[in-house]
Amino acid sequence: GAVMQRFLGSLLCLCALRLPPGTDTAARGLDIASYRERVRAMFYHAYEHYLESAFPYDELRPLTCDGQDTWGSFSLTLIDALDTLLILGNVSEFQRVVNVLQEGVDFDIDVNASVFETNIRVVGGLLSAHLLSRKAGVEVEAGWPCSGPLLRMAEEAARKLLPAFQTPTGMPYGTVNLLHGVNPGETPVTCTAGIGTFIVEFATLSHLTGDPVFEDVARKALKALWKNRSDIGLVGNHIDVITAKWVAQDAGIGAGVDSYFEYLVKGAILLQDKELMSMFLEYNKAIKNYTKFDDWYLWVQMYKGTVSMPVFQSLEAYWPGLQSLIGDVDNAMRTFLNYYTVWKQFGGLPEFYNIPQGYTVDKREGYPLRPELIESAMYLYRATRDPTLLELGRDAVESIEKISKVDCGFATIKDLRDHRLDNRMESFFLAETVKYLYLLFDPDNFIHNDGSDFDVVVTPYGECVLNAGGYIFNTEAHPIDPAALHCCRKRREEQWEVEDLMREFYSRKKTKKFTLKRAPDRGEGENAEDPKDASSEKAGEKRNSKKSSHSLLSCPSQSFNSKLAVLGQVFLDNT
């Protein structure tokens with residue numbers, strides 16, 4: 001370990017390539033509006049050629065101008081690109097695609113599908129589009145957002161994945177047949193990310209549909225990974241979901257593990273769940289202790305902590321964005337700048353990069369137009385407004401246009417050294433890469449809403465605040481509105497408590513001064529404390545048989561005329 005550290009220390013002169021702030025004055029005055037328009041043009045160049053040459057197949061093959069099925073057979077690029085259309089402001093095409101998907105997509109097909117990819121791209125894409133459909137001018141059903149055609153499709157797709165979770169450990173198989181369930185003879189070995197990347201979509205589904213099964217299986221899988229971490233607090237890369245034995249024991253933050261860590265943080269924020277966050281923070285300590293060297297992260301043996309691969313993978317570039325979400329901005333920037341030097345060396349991020357040698361790894365020289373570094377730049381730009389982050393956006397636009405643009409779209413870069421291309425355009429190019437680039441260059445996008453603007457929606461369960469911002473992106477960049485999770489509560493006692501709270505609020509208002517304490521932030525279920533400070537004592541006597549399992553201000557199942565904003569401020573109709 002120590003030898004490795006010295007070796008790295010002496011060879012990491014790459015960091016010296018960093019330009020001090022202010023050197024590139026042209027970029028400092030970068031015209032974000034013109035880059036925003038170039039990103040928009042990029043989207044339509046790819047999207048229109050997909051529709052023209054590849055639809056209804058999953059993906060466009062840009063060198064031969066035709067299509068292919070890759071992850072299933074459900075017009076994947078169309079589902080993945082749907083919410084990007086709205087972020088670019090194209091409501092008419094969003095509405096058209098919603099109709100096309102309703103008529104054309106069928107999940108009752110004899111196809112072996114990746115449980116992970118189907119969840120993040122299909123279930124995530126449909127949920128996000130469902131929650132944004134009213135904003136996009138779609139005529140929504142009376143019960144929306146607790147019902148609707150896109151929600152039914154998302155639920156149908158997710159149900160097809162449930163058989164994969166029926167294992168002794170609760171950790172899912174990696175592949176499922178959409179018609180027959182898990183194939184006999186299916187391999188029980190799944191990567192860590194393929195087990196721990198469900199809580200965002202599945203909890204959203206459970207909260208909207210009222211069926212707890214989705215959130216339950218996602219939580220059980222998360223906890224099984226946690227239970228099987230090593231003594232030094234690390235998880236490996238692949239595990240046997242029947243025996244819970246680690247098959248690949250490399251621990252790191254990149255491929256095979258990445259979105260497990262991401263979903264602990266995002267699940268914690270989405271569900272206000274302290275348990276998930278404390279799990280992540282424990283992992284974070286172990287990751288810093290064993291895998292971090294000079295603001296790079298290496299791969300180590302999960303039981304011993306010894307370095308197994310001094311390699312940076314392009315998929316790891318999401319990490320600075322994740323660090324920014326927990327407020328660790330300084331460390332995030334330092335690691336981001338390391339990764340950005342690699343981008344500048346090649347005009348893209350090679351899949352693997354040997355840190356000590358400062359060069360690509362054999363057979364891993366490609367860049368399939370991945371979003372991760374751009375995603376981190378978008379988060380960090382929101383946090384710091386550092387113009388270096390816009391420069392990465394600029395470099396990405398220039399590189400992708402120069403190297404990867406072809407007549408029929410944008411092609412995967414097979415080799416960053418000689419710019420050879422591959423006949424593939426992954427659906428994440430339109431779902432993520434273009435979206436994060438556009439959001440980096442569009443500071444006023446509705447996605448960046450700070451809560452000063454919101455919609456009030458009447459649901460069968462009372463009024464509900466939506467589109468106030470704070471969107472959580474799933475790992476395929478599909479934004480989920482966390483407030484929507486509180487629109488469809490069917491629990492009477494929660495409604496009573498909110499009404500009691502408001503009665504107390506009004507009676508105190510009449511007697512001049514009043515204070516409204518915020519309900520304590522906490523998770524749900526067994527960890528929740530009794531909200532004594534918020535509900536009136538009389539209500540407590542009346543209903544003390546039912547211990548509350550929900551935060552009172554978790555947001556509206558209200559049948560009265562007030563809106564509760566996200567931060568616990570109360571807005572009245574008549575002010």
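The values are calculated or read from the model by the stated rules, or taken from the named source; none is laboratory data. From a predicted model like this one, the values you see are computed outputs, not experimental measurements. Positions of Cβ are generated from backbone atoms using ideal geometry, with glycine treated the same way; all protein chains shown enter the neighbour counts. The protein model used for the area step is the full one, side chains on, heavy atoms only, and it has no ligands, DNA or RNA in it. Shrake-Rupley method; radii C 1.70, N 1.55, O 1.52, S 1.80 Å.
Filtering segment 44-65 to residues that are charged (D, E, K, R), open to solvent by 50 Å² or more (accessible area, probe 1.4 Å) and over 17 Å from THR433 (Cα atoms) leaves GLU52, ARG61. Among the residues of segment 217-237, those identified as out of contact with any helix residue (DSSP H, G or I) (no Cβ under 9 Å at 6 or more places or on another chain) and either of a type in the set (A, V, I, L, M) or open to solvent by 30 Å² or more (accessible area, probe 1.4 Å) (or both) are LYS227, ASN228, ASP231.
The numbered conditions (1) touching a Phe, Trp or Tyr at 6+ places or on another chain (Cβ under 6 Å); (2) modelled with pLDDT of 95 or more; (3) assigned to a helix (DSSP H, G or I) are all true for GLU48 except (1). With respect to VAL189, is the statement that it is at pLDDT 95 or above and more than 28 Å from GLY67 (Cα to Cα) true? Here the answer is yes, as VAL189 does meet what is asked. Listed by position, the helices (runs of 4 or more DSSP H) enclosed by segment 74-164 that each have at least 1 residues that are touching a Phe, Trp or Tyr at 6+ places or on another chain (Cβ under 6 Å) and over 24 Å from MET425 (Cα atoms) are 149-161. Among the residues that make up segment 71-83, is at least one of them open to solvent by 60 Å² or more (accessible area, probe 1.4 Å), farther than 30 Å from THR341 by Cβ, of a type outside the set (A, V, I, L, M) and modelled with pLDDT under 95? Yes, segment 71-83 has at least one match.
Pairing residues of segment 345-369 that are in contact (Cβ under 8 Å) with a residue 12 or more places away in the chain and part of a strand (DSSP E or B) with residues that are crowded, with 17+ Cβ neighbours inside 10 Å and of a type in the set (Gly, Ala, Ser), at Cβ distances under 8 Å and at least 6 apart in sequence or on separate chains, gives PHE352/SER314; TYR353/SER314; TYR367/SER314; TYR367/GLY348.
For THR118, state whether it is under 15 Å from LEU76 (Cβ atoms), β-branched (Val, Ile, Thr) and at pLDDT 95 or above. Taking the combined requirement at face value, the residue satisfies it.
Yes/no per residue for (1) in a strand (DSSP E or B); (2) open to solvent by less than 20 Å² (accessible area, probe 1.4 Å):
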site: ILE374; (1), (2): no, yes
site: ALA377; (1), (2): no, yes
site: TYR381; (1), (2): no, no
site: LEU390; (1), (2): no, yes
site: PHE429; (1), (2): no, yes
site: GLU432; (1), (2): no, yes
site: VAL465; (1), (2): yes, yes
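Scan segment 406-421 for residues that are assigned to a strand (DSSP E or B) and of a type outside the set (A, V, I, L, M) and the total you get is 5. Would you say ALA244 is under 26 Å from ALA158 (Cα atoms), assigned to a helix (DSSP H, G or I) and either open to solvent by 40 Å² or more (accessible area, probe 1.4 Å) or modelled with pLDDT of 95 or more (or both)? Spelling it out, it is not the case that ALA244 is under 26 Å from ALA158 (Cα atoms), assigned to a helix (DSSP H, G or I) and either open to solvent by 40 Å² or more (accessible area, probe 1.4 Å) or modelled with pLDDT of 95 or more (or both).
If you go through segment 283-337 and keep only what is farther than 25 Å from ASP231 by Cβ and touching a strand residue (DSSP E or B) at 6+ places or on another chain (Cβ under 6 Å), you end up with PHE312, GLN313. Looking at segment 178-216 only, could you name the residues that are surrounded by fewer than 16 Cβ atoms within 10 Å (Cβ to Cβ), in a helix (DSSP H, G or I) and of a type outside the set (Asp, Glu)? Result: VAL213, single match.
Contact map, segment 409-427: first residue over 27 Å from SER73 (Cβ atoms), second residue part of a strand (DSSP E or B) and aliphatic (A, V, I, L, M), Cβ cut-off under 9 Å, separation 6 or more or different chains; pairs are ASP415/LEU421; HIS419/ILE413; ARG420/ILE413. One residue stands out among those in segment 134-164 that are modelled with pLDDT of 95 or more and among the acidic types (Asp, Glu): the one that is least open to solvent (accessible area, probe 1.4 Å), which is GLU155.
State whether one or more residues within segment 165-174 are hydrophobic (A, V, I, L, M, F, W, C) and either buried (at least 24 other Cβ atoms within 10 Å of the Cβ) or in a helix (DSSP H, G or I) (or both). Looking for residues that are hydrophobic (A, V, I, L, M, F, W, C) and either buried (at least 24 other Cβ atoms within 10 Å of the Cβ) or in a helix (DSSP H, G or I) (or both), one finds at least one in segment 165-174, hence yes.
Residues of segment 446-463 that are touching a residue at least 60 places away in the same chain (Cβ under 8 Å) and either of a type in the set (A, V, I, L, M) or buried (at least 16 other Cβ atoms within 10 Å of the Cβ) (or both): PHE446, ILE447, PHE454, VAL456, VAL457, THR459, TYR461, GLY462, GLU463.
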